[in-house]
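The values are calculated or read from the model by the stated rules, or taken from the named source; none is laboratory data. The structure presented is a predicted model; accordingly, all values stated were derived computationally and were not measured. Virtual Cβ from ideal backbone geometry, glycine too; neighbours counted across all protein chains shown.
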Amino acid sequence: MTPPYTGTPVHTGGDAEHGPEAGAAHSSLKGYVTGFVLSVVLTAVPFWLVMSKAFDKSSTTAVVILGFAAVQIVVHMIYFLHMNTKSEGGWSLLALIFTVMIVVIALSGSLWVMYHLNHNMMPASMHDMRNMP
């Protein structure tokens, strides 16, 4: 027999969104503000580096900007996407690692193939074309 309705909803803690087994970190306003401030700083510092020409070599500036971009990706994943080792039993983090691994393999393989195609497919007679009428 079910208990009589008292007008107050009873939360059992077993639903998929808010239950203890869900493990997803729900952020507060403080978490969102922290993520926003970090994102602004991680955007403003590289902008300042480029505009002030802080480094003599542009390659150094590019490497520093890529470092800030990697940190900003992590900030977004933690503060806005709420990814951690506990959410969905760690499967979302495992899927992210697998995706990064596939992207690195695809990019490095593509660059390797393009470099070797350019190097191996260049005709030997290309240098002799300067002597042609």
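List of remarks:
- One residue from VAL64, VAL75 being more than 27 Å from SER27 (Cα to Cα) and in contact with a helix residue (DSSP H, G or I) (Cβ under 7 Å, 6 or more places away or on another chain): VAL64
- Scanning segment 1-54 for residues that are among the small types (Gly, Ala, Ser) and either part of a loop (DSSP other than H, G, I, E, B) or modelled with pLDDT under 60 (or both) gives GLY7, GLY13, GLY14, ALA16, GLY19, ALA22, GLY23, ALA24, ALA25, SER27, SER28, ALA54.
- Annotation note: Cβ proximity below 7 Å between a residue of segment 75-87 that is outside any helix (DSSP H, G or I) and a residue that is surrounded by fewer than 15 Cβ atoms within 10 Å (Cβ to Cβ) (sequence gap 6+ or interchain) occurs for HIS82/ALA25; MET83/LEU96; ASN84/ALA25; LYS86/GLY23.
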